[in-house]
Amino acid sequence: MMVLEARDLACLRGDRVVFEHVGFRLGPGEVLLLEGPNGSGKSSLLRLLAGFLTPLAGRLLWQERDIAEEGEAYRRTIAYVGHLDAVKPMLSVEANLRFWADLHGATGQALERALDFFELAELRELPARLLSAGQRRRLNLSRLLVREARLWLLDEPSVSLDRHSVALLGEAMEAHRAGGGMIVAATHLDLGLAGAARLRLGGETGT
Amino acid sequence: MRAFLAILRRDMAVALAQGAATLLSVAFFVVTITLFPLGVGPDPATLARISSGVLWVAALLSVLLSLDRLFQADHEDGSLEQIGLGPLPLELVVLAKVLAHWLSTGLPLILAAPVLALLLNMPVSGLPVLLLAMALGTPILSLIGAIGAALTLGVRRGGVLLSLIVLPLYIPVLIFGVAAVDASISGLGARPHLLILAAMLAPSLVLAPLAAGASIRLALE
């Protein structure tokens, strides 16, 4: 049983406790949306989940085991989309994505599928420096589709996307969910995900 | 292995696409060295005596000049954190990136060195050992440099700090690199010096990726 569980988490950034007593439980096919004002710790929580930060207190468990102990096995199961697009401007769209596909041992088919899904196939030869902010973000998001990560960690994934692309993102998230994947996302837009759990950070804490 | 090659291939593609950056450090190497005959005077005997030292110091500085782009660009555009989430341990990521750095910086320097050595009137008998010593020494420069580059990730104006960290650590390479060439020119045999360089390369190959990997992990917090 794939379950991600947070128990009584607290996070320290600099000398400020960003949040404390945060807990949740996420099973297959479930979505958790993080809400709260700027600086309430949404990004920090996602970076905790990605393993970049270590919690000040509390535990993060993946299948009942601490994510720090799981190490690479846990890293394999997550995909993280942050504020930075991780796009090399001098390489083409396809070369950019091919690198991530190769890094994760993905197939050429997965790469084509991801390019098609986010409507980048026509731009494949274009150097990424010529992409608009929205297109660059779509290239970033297509990284999610080249591999089979169970848990998606999305930090404001809809930034600079137009309405049509936001719908595509919603579709991708819905499909991921339907396949038993899990999503933790911080977003201000309504991505039309029915039955998503919500976690409010800042002010009142906890579920 | 596939992930290792993916990083190596990408870094080489980036280096080629940014040909200017690679050319820049070779150009720096050439220009610095051509300054010496102008500064010291054209006396062939003097130039021959200082040639090995000049070549090594210039090589050290050229490598140093190119270090800041080793991890910094990937750190700024978010690639480094994504690579950190990948299947490859950061230590091997460092090794792949160092290899790409050496291929795009160290190797061109080695290729340019013989011409510049002749320019400085180095006896031809010293050339083979010079190439051998540089082949052993420049990877050490890239490896040690990677530690400095990783430690100064995210530091504003990290370049100066990077030089202060890295240059003192380059001294042993400089000493034995120069000694090897001088020994072979004076007919003493360069073998011991080359062996010492090799003995420095071996642990650097293991220890530098460990140290750099650990500091990258800190920088990703």
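When the residues of segment A:92-103 are narrowed to those that are without any contact (Cβ under 8 Å) to a residue 40 or more places away in the chain and more than 7 Å from chain B (Cβ to nearest Cβ), which ends up most open to solvent (accessible area, probe 1.4 Å)? Lay out the reasoning, then the answer.
At the first step, the residues of segment A:92-103 found to be without any contact (Cβ under 8 Å) to a residue 40 or more places away in the chain are A:92, A:94-95, A:98-99, A:102-103.
Retained after the next criterion (residues that are more than 7 Å from chain B (Cβ to nearest Cβ)): A:92, A:94, A:98.
Values: A:S92: 29, A:E94: 38, A:R98: 99 Å².
Only one residue tops the list, namely A:R98.
Among the conditions (1) within 14 Å of chain A (Cβ to nearest Cβ); (2) closer than 30 Å to B:S186 by Cβ, the only one that B:F4 does not satisfy is (2). Checking each residue of segment A:59-74 against the condition of being over 28 Å from B:M1 (Cβ atoms), of a type in the set (S, T, Y) and either more than 7 Å from every other protein chain (Cβ to nearest Cβ) or within 17 Å of the chain's Cα centre (by Cα) (or both) gives no match. Checking each residue in segment B:200-218 for being touching a residue at least 60 places away in the same chain (Cβ under 8 Å), within 14 Å of another protein chain (Cβ to nearest Cβ) and open to solvent by 30 Å² or more (accessible area, probe 1.4 Å) picks out only B:R217.
Just to be sure, is A:P89 touching a Cys at 6+ places or on another chain (Cβ under 9 Å), open to solvent by 20 Å² or more (accessible area, probe 1.4 Å) and either at pLDDT 90 or above or assigned to a helix (DSSP H, G or I) (or both)? I'd like the intermediate steps shown before the answer.
Working: touching a Cys at 6+ places or on another chain (Cβ under 9 Å): no; open to solvent by 20 Å² or more (accessible area, probe 1.4 Å): yes; either at pLDDT 90 or above or assigned to a helix (DSSP H, G or I) (or both): yes.
Spelling it out, it is not the case that A:P89 is touching a Cys at 6+ places or on another chain (Cβ under 9 Å), open to solvent by 20 Å² or more (accessible area, probe 1.4 Å) and either at pLDDT 90 or above or assigned to a helix (DSSP H, G or I) (or both).
Out of A:L45, A:L49, I need the residue that is in contact (Cβ under 8 Å) with a residue 40 or more places away in the chain, within 12 Å of another protein chain (Cβ to nearest Cβ) and within 30 Å of A:D8 (Cα to Cα). Which one? If you could, list the steps in order and put the result at the bottom.
Working: A:L45 fails: within 12 Å of another protein chain (Cβ to nearest Cβ).
A:L49 is the lone residue from the list that is in contact (Cβ under 8 Å) with a residue 40 or more places away in the chain, within 12 Å of another protein chain (Cβ to nearest Cβ) and within 30 Å of A:D8 (Cα to Cα).
Conditions tested, residue by residue: (1) in a helix (DSSP H, G or I); (2) under 22 Å from A:L191 (Cα atoms); (3) not hydrophobic (A, V, I, L, M, F, W, C).
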position: A:V17; (1), (2), (3): no, no, no
position: A:E20; (1), (2), (3): no, no, yes
position: A:F24; (1), (2), (3): no, yes, no
position: A:P28; (1), (2), (3): no, yes, yes
position: A:L33; (1), (2), (3): no, yes, no
position: A:S40; (1), (2), (3): no, yes, yes
position: A:S43; (1), (2), (3): yes, yes, yes
position: A:R47; (1), (2), (3): yes, yes, yes
position: A:T54; (1), (2), (3): no, no, yes
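B:V14 passes every criterion in (1) crowded, with 17+ Cβ neighbours inside 10 Å; (2) over 25 Å from B:L207 (Cβ atoms); (3) away from chain A (no Cβ under 14 Å); (4) without any contact (Cβ under 8 Å) to a residue 60 or more places away in the chain apart from (3).
Could you tell me whether segment B:72-82 includes any residue that is part of a helix (DSSP H, G or I), more than 13 Å from chain A (Cβ to nearest Cβ) and either surrounded by fewer than 23 Cβ atoms within 10 Å (Cβ to Cβ) or in contact with a strand residue (DSSP E or B) (Cβ under 8 Å, 6 or more places away or on another chain) (or both)? Looking for residues that are part of a helix (DSSP H, G or I), more than 13 Å from chain A (Cβ to nearest Cβ) and either surrounded by fewer than 23 Cβ atoms within 10 Å (Cβ to Cβ) or in contact with a strand residue (DSSP E or B) (Cβ under 8 Å, 6 or more places away or on another chain) (or both), one finds at least one in segment B:72-82, hence yes. The criterion of being assigned to a helix (DSSP H, G or I), without any contact (Cβ under 8 Å) to a residue 24 or more places away in the chain and open to solvent by 10 Å² or more (accessible area, probe 1.4 Å) does not hold for B:L61. Evaluated against (1) more than 20 Å from A:I183 (Cα to Cα); (2) surrounded by 22 or more Cβ atoms within 10 Å (Cβ to Cβ); (3) in contact (Cβ under 8 Å) with a residue 60 or more places away in the chain, A:E20 falls short on exactly one condition, (2).
The values are calculated or read from the model by the stated rules, or taken from the named source; none is laboratory data. All of these numbers come straight from a predicted model, not from anything done at the bench. Methodologically, a virtual Cβ is constructed for each residue, glycine included, from the backbone with ideal geometry; neighbour enumeration extends over all protein chains shown. Surface areas here come from the heavy atoms of the whole protein model, side chains and all, with no ligands, DNA or RNA. Shrake-Rupley method; radii C 1.70, N 1.55, O 1.52, S 1.80 Å.
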